[in-house]
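The block underneath contains the structure these notes are about, expressed in structure tokens.
The values are calculated or read from the model by the stated rules, or taken from the named source; none is laboratory data. These numbers come from a predicted model, not from an experiment. Here the Cβ positions follow ideal geometry from the backbone for every residue, glycine too, while neighbour counts run over all protein chains shown.
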Amino acid sequence: MANVTIAVNTSSSDVEYDGSGATWDNILVGTDYLVFSAGSTTVDDGHSIPSESDYIAAGILLTGSEVVVARYFLADIGVNTLKEIFLMGNTTGRYVMAFSFSAATATEPVLELWDDSDLDSVTSTSLGAGTPSNSWWRGITTTAAAPSADWAGSYLAGSTEGNYLNLNNGSGALSVADILYCNLKVVIPSFITTGTSATPVFAVKYASN
């Protein structure tokens, strides 16, 4: 049976998960979470986990134009520390988010985003309010190669074709234990004019042998 470990690269070195020279932090599923923010003196790399009011104060400023969010963090609850994911976003970073599988799989692993842990709706504003092509979340599989500058990626919301990531680049199930990669970014559409919370659930789906 294949188990998966999910990790993010919290260094500025674009180095693979099992390589040297980068800092990879394993995500404790159900406890740790990802943050996108404009950043501030409290919402910053190496600081203690901010309060809700700190997050709100460091929120993204809506301008009436499309906003490409620049800063992303891992809230590492176990050590009460916010860690910046420097390569995540509109970058050419390849080794940003890793999915390490302990054995072969029966299907290709996919990454999906949903409203909550029921994994049955995408009605929240950040996931397009029921229209996946309006999702703020974009993703690109980087298992085979790094993305180009200003990559377009896929709008992530639910399980409709084109709105999730095939983490093995469409090459199918894993025949052996392997590590797959992706990059993510948040692009807030110009028609969003009022603030909202954005707390989607990330789901990695695959079948085991």
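Looking at Val4, Val8, Val69, just one residue is in contact (Cβ under 8 Å) with a residue 40 or more places away in the chain and either among the charged types (D, E, K, R) or closer than 19 Å to Thr194 by Cα (or both), and that residue is Val69. Restricting attention to segment 127-177, the residues that are part of a loop (DSSP other than H, G, I, E, B) and among the charged types (D, E, K, R) total 2. Screening the candidates Val122, Val67 for the property of being within 24 Å of Asn9 (Cα to Cα) and within 19 Å of the chain's Cα centre (by Cα) yields one hit, Val67. Taken together, the criteria exclude Gly46 from residues that are farther than 26 Å from Asn168 by Cα, of a type in the set (Gly, Ala, Ser), outside any strand (DSSP E or B) and in contact (Cβ under 8 Å) with a residue 40 or more places away in the chain.
Among the residues making up segment 92-126, those that are part of a loop (DSSP other than H, G, I, E, B) and of a type in the set (Gly, Ala, Ser) are Gly93, Ser102, Ala103, Ala104, Ala106, Ser117, Ser121, Ser124.
Quick check: is even one residue across segment 14-32 touching a strand residue (DSSP E or B) at 6+ places or on another chain (Cβ under 7 Å), more than 29 Å from Asn169 (Cα to Cα) and of a type in the set (Val, Ile, Thr)? No: segment 14-32 contains no residue that is touching a strand residue (DSSP E or B) at 6+ places or on another chain (Cβ under 7 Å), more than 29 Å from Asn169 (Cα to Cα) and of a type in the set (Val, Ile, Thr). Reported count of residues in segment 178-190, each being in contact with a helix residue (DSSP H, G or I) (Cβ under 9 Å, 6 or more places away or on another chain) and in a strand (DSSP E or B), is 2.
Let me confirm something: among Thr199, Thr160, which residue is of a type in the set (Val, Ile, Thr), modelled with pLDDT of 95 or more and either under 23 Å from Val8 (Cα atoms) or surrounded by fewer than 19 Cβ atoms within 10 Å (Cβ to Cβ) (or both)? Can you show your working first?
Values: Thr199 fails: modelled with pLDDT of 95 or more.
After ruling out the rest, the residue left standing is Thr160.
Counting the residues of segment 56-69 that are out of contact with any strand residue (DSSP E or B) (no Cβ under 9 Å at 6 or more places or on another chain) and either of a type outside the set (S, T, N, Q) or surrounded by 16 or more Cβ atoms within 10 Å (Cβ to Cβ) (or both) gives 3.
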